[in-house]
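Notes for the one structure printed next.
The values are calculated or read from the model by the stated rules, or taken from the named source; none is laboratory data. No experiment lies behind these values; they were computed from the predicted model shown. Heads up, the Cβs are rebuilt from the backbone with ideal geometry, glycines too, and the neighbour counts pull from every protein chain shown. Heavy atoms of the whole protein, side chains included, go into the accessibility calculation; ligands, DNA and RNA do not. Shrake-Rupley method; radii C 1.70, N 1.55, O 1.52, S 1.80 Å.
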Amino acid sequence: MAGLHSSSRPTSSSASSSQVLTSRVLLLLTLLLLSLACFAFILQWRGGLTDPVSRWSPDTDGFPGMRSIGTGTGSAMQNSGSGCIDLLGRSRSPAFPYFKEWKFGFGSDLKPKICITTSTSAGLEQTLPWIFYHKVMGVSNFFLFVEGKAASPNVSKILETIPGVKVIYRTRELEEKQAKSRIWNETWLASFFYKPCNYELFVKQSLNMEMAIIMARDAGMDWIIHLDTDELLHPAGAREYSLRQLLSDVPGNVDMVIFPNYESSVERDDIKEPFSEVSMFKKNYDHLPKDVYFGNYREATRGNPNYFLTYGNGKSAARIQDHLRPNGAHRWHNYMKTPNEIKLDEAAVLHYTYPKFSDLTSRRDRCGCKPTKEDVKRCFMLEFDRSAFIIASTATEEEMLRWYREYVVWTDKKLNLKLLRKGILTHIYAPMAIVQGLRESGVFSSVIESAMATLSKEKFLSSVESNNSSRAAGSRERSSRKIGDIEFSHATARRVLQTEDSFNADASAVPPLSPPSADDFQFNVQQPYHLSQ
């Protein structure tokens with residue numbers, strides 16, 4: 001018995017030691033897991049880990065197509081912007097993550113180099129979002145032919161400080177130079193001469209595009225696009241949401257890329273900032289099955305003259321090359337050949353058409369036509385513009401608002417949902433998110449602050465006086481004549497060049513065209529181009 005008891009004591013001691021060891025191991029494992037959890041929490045809190053759910057959220061440092069463009073580290077922006085308060089009352093440097101400074105990589109050697117040219121009278125509230133949205137898309141240079149509000153010193157002097165932006169004023173000297181240009185001396189644009197309003201604008205745009213081609217070549221650009229400041233490019237279909245990526249995927253033998261336009265479908269009558277508030281658009285005929293387009297034509301038109309309120313033939317990008325010329329505001333051409341063009345099946349131009357109620361009166365105030373059905377034909381090419389001008393010129397404020405709600409605003413939620421399901425209407429949020437991000441992070445206010453800091457008060461006032469006197473003469477001259485009424489030989493102006501380099505010189509310019517109507521099944525539409533082809 002004594003032997004038995006003595007032999008059992010080591011067994012009991014061994015079991016006790018095993019329990020202690022197990023407890024210690026469990027304790028160590030528990031402490032290790034808690035330590036790892038705390039470490040992971042600290043890393044996540046400090047931004048050291050990437051959350052897959054928010055990978056493409058505005059809080060990340062990368063945006064599709066933009067990762068290789070910005071070369072700065074943001075220190076320049078932080079130093080220059082320290083202590084500044086943006087429009088939202090924030091006192092920190094801009095947090096817009098896609099670029100670290102609002103120069104947006106201007107002057108970089110990334111390819112292809114893309115420029116946009118426009119003829120505009122818009123103010124900063126429209127032009128700044130338009131410029132910087134396209135900078136995010138990869139556009140490096142802008143050629144702005146300015147008039148009206150855009151040419152005022154408070155606007156133009158700020159635009160001139162933005163890297164990559166060239167401002168060209170419509171002076172008498174510019175008009176005299178354009179009166180001697182090749183376009184003015186040919187016939188393909190002649191049917192638009194000596195007419196007011198939209199026709200006059202169309203001629204100006206074409207002449208400005210001709211000059212922009214030379215500027216683009218001198219600046220080493222690869223592509224040129226003509227765009228209005230109420231239009232944003234939507235590079236859908238590319239591997240990344242980037243115009244640079246989209247155009248880099250275009251085959252080298254392609255001379256021109258056509259972007260079908262989508263038209264904004266505003267859901268309210270109190271829109272103030274269309275780029276930040278509008279997300280619903282009506283798709284172009286080229287991006288819809290024919291049976292869907294024609295089968296829902298009447299509902300989609302809602303009693304208006306056509307499927308779109310205004311034009312439906314899109315805009316285009318042209319590769320910079322010899323003998324390039326514009327072919328109206330919507331297309332490009334070449335004096336020596338018929339350009340090889342493609343039409344993209346997903347990318348589009350988002351046209352913000354009459355998005356604000358005030359657009360009715362602003363268009364009216366720019367034209368001096370009589371509000372009659374006959375006279376408006378001299379001023380406007382498209383039927384809806386004519387109707388809008390007459391309403392804005394003859395109706396009361398209350399009647400105008402009622403008309404605007406009926407023909408422009410999409411208030412029928414049931415119809416909207418039906419057309420969304422059919423694919424005729426679509427929501428596009430990327431431009432809205434980008435513009436909102438730019439605005440909230442203080443990019444626009446930083447541009448204005450930087451411009452005002454660069455121009456001392458005395459220098460600013462002297463430049464104002466100089467520019468006003470220079471443009472006043474041109475304004476007085478233009479008040480008594482329309483573009484092109486400059487004294488020079490009409491026989492020379494209307495000659496048709498017979499040289500071998502005037503290929504299709506007498507082909508008429510492509511005007512803004514309405515989409516095909518329900519009765520027009522013979523409409524000649526080029527098949528869209530797939531990037532995978």
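One line per residue, one yes/no per condition, for (1) β-branched (Val, Ile, Thr); (2) surrounded by fewer than 16 Cβ atoms within 10 Å (Cβ to Cβ); (3) in a helix (DSSP H, G or I):
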{"residue": "Leu401", "(1), (2), (3)": "no, yes, yes"}
{"residue": "Tyr404", "(1), (2), (3)": "no, no, yes"}
{"residue": "Thr411", "(1), (2), (3)": "yes, yes, no"}
{"residue": "Thr426", "(1), (2), (3)": "yes, no, no"}
{"residue": "Val435", "(1), (2), (3)": "yes, no, yes"}
{"residue": "Phe444", "(1), (2), (3)": "no, no, yes"}
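So in segment 294-341, with the set limited to residues that are hydroxyl-bearing (Ser, Thr, Tyr) and part of a loop (DSSP other than H, G, I, E, B), which one is nearest to Phe389 (Cα to Cα)? So the residue we want is Thr310.
Residues that are of a type in the set (A, V, I, L, M), more than 15 Å from Phe142 (Cα to Cα) and out of contact with any helix residue (DSSP H, G or I) (no Cβ under 8 Å at 6 or more places or on another chain) within segment 208-263 comprise Ala236, Leu246, Leu247, Val250, Val254, Met256, Ile258, listed in sequence order. Beta carbons closer than 7 Å, at least 6 apart along the sequence or on distinct chains, pair a first residue in segment 177-196 that is open to solvent by 10 Å² or more (accessible area, probe 1.4 Å) with a second that is hydroxyl-bearing (Ser, Thr, Tyr) and at pLDDT 90 or above for Phe192/Tyr199.
Condition test on Gly312, is it over 19 Å from Thr117 (Cα atoms), open to solvent by less than 20 Å² (accessible area, probe 1.4 Å) and touching a residue at least 40 places away in the same chain (Cβ under 8 Å)?
So Gly312 passes the test.
Test Asp291 against the stated conditions and say whether it is without any contact (Cβ under 8 Å) to a residue 40 or more places away in the chain, open to solvent by 30 Å² or more (accessible area, probe 1.4 Å) and in a helix (DSSP H, G or I). Spelling it out, Asp291 is indeed without any contact (Cβ under 8 Å) to a residue 40 or more places away in the chain, open to solvent by 30 Å² or more (accessible area, probe 1.4 Å) and in a helix (DSSP H, G or I). Taking segment 251-263 as the range and being assigned to a loop (DSSP other than H, G, I, E, B) and either touching a Leu at 6+ places or on another chain (Cβ under 8 Å) or of a type in the set (Ser, Thr, Tyr) (or both) as the test, only Pro260 passes. Asp230 meets each of the listed conditions (1) surrounded by 22 or more Cβ atoms within 10 Å (Cβ to Cβ); (2) within 14 Å of the chain's Cα centre (by Cα) apart from (1). Within segment 357-394, the set of residues being of a type in the set (Asp, Glu) and either open to solvent by less than 40 Å² (accessible area, probe 1.4 Å) or within 23 Å of Ala122 (Cα to Cα) (or both) comprises Asp359, Asp365, Asp375, Asp385.
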